Each structure stands twice: as C-alpha cells, then as structure tokens.
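A quick write-up on the structure given underneath.
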Amino acid sequence: MKRIKVLLALVLALAMVGGGTLALAEELKDFTIDPAKIPQEKLDTVVSLAVSVRGLENPYIATIKVGMEMFAVYLDSIGQKYEMQVLDSGGDSNKEVDNMRQFAANAGGNALAYSDPNENAIAYSLAEAMAEAGGFIGTAWNKPADVGPADLTPNWVIHTSPDNVINGYNTAKALFDYMGGKGKIFVCEGMLGNTAAIDRAKGLDQALAEYPDITVAGRDTGNWATAEALTLVETWLGKDPDVGGVWCANDNMATGALQALEKAGLKGKVGVTGVDANTDIVEAVRDGFAVATVSSNGYLQGGYTLAICYAAWAGLIDVTTLPPEYREFATPALLITKENAAEYLSSVPEFDFSKPFACKAD
C-alpha cells in the first residue's frame, strides 16, 4: 500500500510539472517586452550587439545584419543605449571563435550576439566564449546533435534553424515536377560538416527516393560559393549536356549554375533551385529562369535572436525556466515559386520585436 501511495504521489507530481510547463509555454507564446519593467540602470547601460557571420557578400547573410539594425531601431524606441558590430569570419572557423571571444570579453556581461557557426564543431566554443564573459548568445543553423543551449545555461539562450530537410525536399520536388518526373540532374551540395548542408542533402535524397526516374549525373560540394558551383556545372555539362535540372543547396551556388547554363545556351531550358531567397534568384524564379528557392528570413533570424537575448539580459525572462522547445526551435521558411515570387520581391518585412518569441514556427 505504501508503495502504491508513493507511486501515486510521483504521478501527481509529474502531472503538476507537466501542467506547469504547458502553462509557461503558453505564457511565453504571448510574452511581451515591457519597457516599464526594464531597470533604468539597464537602459542607461550600453549593450553591445553583434552578428557573427561568414561574410556580407552573401545576400542572405547581409539580411541578418539588417535584422540586427531593425532590432536596434526597436531599442531606440524604448530608450536603450547600444552599439552594433559585425563579426566577419570570412569562413574561417578559428577566426569566428576568436572574434566572439574578443567581442564578449570587451563587452563583458553586456554582450548580445547572433551567431551562424561556420561549422557544427565550433558552436559550443562560440557559446562558451560568450558564457565566460557573462553575455548572452543565440546560435542558428549549425551545431552538433549532442550539445545545445542547455549545456551552457543561461548564456547560450537559444538555437534555431528552419527545417532544412523539408527545405531540401521541397526544392527538389519542385525541380522534379518541373522536369516531368524524369531526367538527369546535377547536385551542388553545401559546405561539408555544415548542418544546413547535411540536412538539405537529406531532403534531396528523400525526394530522389520518391522519383525513381530522376538520376544524378553529377554531385559534389560547391562550398556555398558561386564560382565553385559555376566550375562544377561547366565541368559536368562538358561530360553530360543532356540534363534537366540543377539542385543547389543555396542561392549563391544557384547563381553559379545559372551562369554556367547561360554560357552553354541552356539558361531557361534547365531548371535550377536554391535556398536563401537572394534577390537575383527570386527574380530568376519570377522570370522563369529558375524553379524555386526558399526564404529563411535572415531579417527575422538576426533581429529576433537578439531580441530574445535582450530579454534575458534585461532580466525579463529567466533562461533557466524556459521549456526545451523554447531553447531549440524552428523558425519559419517560405518556398518561393513563380506563383509568389513577384509578391515576395515587392513585400517589406515588418516585425514586432516586443514579442520576441513570435519568431518561433508553430
């Protein structure tokens, strides 16, 4: 009987914990930054904002910087003092970690950063550099599966990413349907050891399994780079010009693929897909030279990640109490095809950074 009572008490306790977690999740969904609850001492402190990225020459990455600037406008509206930096690693993982360590150390506990780790392996090191200084960081896209924000609470606040498997699958399916479900394709994969590249390739492979009449005539990494994808596609076309599509893991490589196809007189005859919604590729989709791309909304990623970190720094949220699904979660993505490309190009993003968890996909 005593054992039964103990078990019943344990079940009741677990139920209460579960109910409390659900209630907290509902509160966070509607959580709003209230400037009146921010201590004046915080508002008068210069908080240092940064985005840690591979290079602003990539149009998608440039939107992350703009997202930081959009969030800064919000900080102006509530009277928060701040400064901004771009930590450009140029694709060098060691430099990215060094950049973060110096930034965090200089700002101390008043540092807030968005980071897109160059490769999975450095995600923890980036967060650790911030944790050592007492600041707050949110990462996106890349990290090992066995580590995450819970390992460096409270300083590693969140990790986010669109669902790259779905994005890789959706762009592949759009390409295969454009080809009538049969024919040869070339595949330009992203950087090796990069989570986004790995997962988008998984999505491609899922689609290939569903389309047995689609065959891969060439497949290699283009390292996210236009020039490398151009060279790959030119080489493949020299060996096998009878191709119906080129699947690219990002839009920079899709640009290179289109350049190679144009040189071969095949632009508009061979389907091309990418990911990132770079303006030139969205325009190509609109004009019928490419099939599809995906908007991962860098504005949203950069701005809202900093907003959540700001709420933690200002003491408005307690990171230690956040449910797991509010520490690691997906952000929205949009498949762009000929049907919605023109509308996407004409739209201007607007965000309410006072509701920082609005960036969480349902």
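Among the criteria (1) assigned by TED's automatic domain parsing to the domain that holds Leu75; (2) within 12 Å of the chain's Cα centre (by Cα), the one Arg327 does not fulfil is (2).
Return the only residue of Asn142, Asn194, Asn155 being within 24 Å of Leu306 (Cβ to Cβ), buried (at least 21 other Cβ atoms within 10 Å of the Cβ) and in the same structural domain as Leu230 (by TED's automatic domain parsing).
Being within 24 Å of Leu306 (Cβ to Cβ), buried (at least 21 other Cβ atoms within 10 Å of the Cβ) and in the same structural domain as Leu230 (by TED's automatic domain parsing) holds for just one of Asn142, Asn194, Asn155, which is Asn194.
Looking only at residues in region 63-110 that are acidic (Asp, Glu) and in a helix (DSSP H, G or I), the one that is nearest to Asn194 (Cα to Cα) is Glu96. Within region 136-155, is even one residue modelled with pLDDT of 95 or more and touching a Gly at 6+ places or on another chain (Cβ under 6 Å)? Taking every residue of region 136-155 in turn, none turns out to be modelled with pLDDT of 95 or more and touching a Gly at 6+ places or on another chain (Cβ under 6 Å).
Exactly one residue out of Asp177, Asp151, Asp146 is free of Cβ contacts under 8 Å to residues at least 12 places away in the same chain and either in contact with a strand residue (DSSP E or B) (Cβ under 6 Å, 6 or more places away or on another chain) or not in a loop (DSSP other than H, G, I, E, B) (or both), and it is Asp177.
A quick yes/no check of all residues on (1) in a loop (DSSP other than H, G, I, E, B); (2) out of contact with any Pro (no Cβ under 9 Å at 6 or more places or on another chain); (3) closer than 27 Å to Lys143 by Cα:
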| site | (1), (2), (3) |
| --- | --- |
| Glu325 | no, yes, yes |
| Leu335 | no, yes, yes |
| Glu343 | no, yes, no |
| Val348 | yes, yes, no |
| Ser354 | yes, no, no |
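Counting only residues that are in a helix (DSSP H, G or I) and not aromatic (Phe, Trp, Tyr), region 111-131 holds 11 of them.
The values are calculated or read from the model by the stated rules, or taken from the named source; none is laboratory data. Every value quoted in this text rests on a predicted model; they were computed, and no experiment measured them. For neighbour counting, all protein chains shown are included, and Cβ atoms are generated from backbone atoms with ideal geometry for every residue, glycine included.
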